[in-house]
1. From the list Ile99, Ile87, Ile119, which residue is in a loop (DSSP other than H, G, I, E, B) and modelled with pLDDT of 95 or more?
2. Working carefully through the options Asn114, Asn93, Asn136, find the one that is more than 25 Å from Tyr309 (Cβ to Cβ) and modelled with pLDDT under 95.
3. Could you pull out the residue among Lys299, Lys295 that is touching a residue at least 24 places away in the same chain (Cβ under 8 Å), over 19 Å from Ala110 (Cβ atoms) and basic (Lys, Arg)?
4. Of the residues Ala202, Ala230, Ala214, only one is within 20 Å of Val353 (Cβ to Cβ) and either in contact with a Phe, Trp or Tyr (Cβ under 8 Å, 6 or more places away or on another chain) or away from the ligand (no atom under 16 Å from the Cβ) (or both); which?
5. Out of the range 255-272, which residues are under 22 Å from the mean Cα position of the chain (by Cα) and not in a strand (DSSP E or B)?
6. Restricting the range 285-312 to residues that are polar (S, T, N, Q) and out of contact with any strand residue (DSSP E or B) (no Cβ under 8 Å at 6 or more places or on another chain), which is surrounded by the most Cβ atoms within 10 Å (Cβ to Cβ)?
7. For the range 105-112, state whether one or more residues are away from the ligand (no atom under 16 Å from the Cβ), touching a residue at least 40 places away in the same chain (Cβ under 8 Å), over 19 Å from Lys344 (Cα atoms) and of a type in the set (A, V, I, L, M).
8. Given the conditions (1) within 27 Å of Glu334 (Cα to Cα); (2) in a loop (DSSP other than H, G, I, E, B); (3) away from the ligand (no atom under 16 Å from the Cβ), which single one is not true for Ser249?
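The values are calculated or read from the model by the stated rules, or taken from the named source; none is laboratory data. Not measured: the values here are computed from a predicted model. Methodologically, a virtual Cβ is constructed for each residue, glycine included, from the backbone with ideal geometry; neighbour enumeration extends over all protein chains shown.
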Amino acid sequence: KNPLFKFNLNKSYLCQKKKFMRKIMILTLVILTFFSCLNVQKDQEVVNVYTKRHYQVDKDLFKSFETEYGIKVNVVKASADELIERIKTEGENGPADIIITVDAGKLYKAAQENLLQKIDASEICKTLNPALIDVNEYWLPITYRSRVIVYHKDRVSPSELSTYNDLTDSKWKNRLLVRTSTNAYNQALMSSIIAHEGEDFAIDWSNKIVENFARDPKGNDRDQVRAISANVGDIAIVNSYYIGLLMSSKDSLDRKVGESVNVFFPNQGEGQSGAHVNISGIGLLKTAPNTENAKSLMKFLTSEYAQEYYTNNSYEYPVNTRVKPSKIIAEWGEFKIDNLDLNKLGSFRKKAVEIFEKSNWK
Ligand code: FE2
């Protein structure tokens with residue numbers, strides 16, 4: 001027999017054995033990696049956030065929190081009412097830790113539905129503005145905003161403006177712009193008027209405001225300002241930060257729109273209530289599976305770093321008293337805020353909706 005042939009046979013046998021061993025090793029590695037990944041996932045700290053806010057600032061801040069704390073932020077976005085329904089449906093074993101809304105009224109609702117646990121504000125942040133903390137301790141603010149009057153710089157003088165009630169004057173006929181009454185910001189404003197002045201006053205206010213509309217309500221807050229700029233009306237009721245967003249927009253047309261108006265804070269006179277404010281706020285769920293992580297996120301969002309980031313990018317007001325409002329909004333000046341218990345923006349909500357319907361505020 002050819003010895004060379006025997007050698008070849010041996011070589012190919014060895015080769016196959018080697019290949020087989022290599023396959024086993026790769027397989028072992030794959031299995032090991034798979035299980036170690038499972039382990040890592042099990043060890044990965046998370047916080048599950050249900051939020052109505054849909055801004056880039058929030059995304060950025062969640063990223064910074066993940067980097068700083070090593071806790072992953074899982075976000076579910078929907079309207080506050082949808083989030084509340086979902087939390088109720090998911091029940092005891094639901095994944096949500098935190099709910100964030102843009103309206104204290106919705107946090108009041110979540111507390112009424114028995115979804116929130118009490119939280120000691122001073123444990124989260126010692127320098128929160130005390131006027132903006134829930135008296136029942138069910139939620140905390142993360143930013144606040146005022147529902148202001150904006151007016152065209154040339155067609156209106158600030159001396160013509162004073163209170164929300166003054167907007168019912170016939171001098172504003174066909175000049176007033178505001179969005180629909182289905183919007184939570186308007187419902188919160190109406191709730192505050194009922195809380196301060198009573199139902200009859202609020203009905204009369206609503207009827208007269210509707211008479212002064214420059215057009216049937218449509219669009220969002222920014223669209224009301226655009227309509228002033230396009231000469232559809234002269235004044236509008238909008239949230240303060242939208243002016244900051246327009247003025248700093250990448251869109252030159254929007255910047256022009258922002259520059260065409262000035263901000264007026266209503267109800268600043270002696271004995272008057274102050275300008276209506278609402279918060280973006282946060283509540284810790286009773287069923288939260290990651291309470292400590294949720295508290296860490298609350299601490300982070302009310303920290304000086306996050307508060308500065310909010311005001312400089314979303315033009316909302318900081319709730320941490322150590323942080324100053326951004327330059328753009330500081331230029332509108334300081335103002336007296338309405339110190340109404342913000343839970344009343346929720347407790348009068350049903351009444352507010354009824355009044356809007358009766359007065360045909362679209
Ligand atoms: Fe908004």
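1. Step by step, each of Ile99, Ile87, Ile119 is checked, and only Ile119 is in a loop (DSSP other than H, G, I, E, B) and modelled with pLDDT of 95 or more.
2. Every option except Asn93 fails the conditions.
3. Answer to the selection: Lys299.
4. Ala202
5. Across the range 255-272, the qualifying residues are Gly258, Phe265.
6. This residue is Asn312.
7. no
8. (3)
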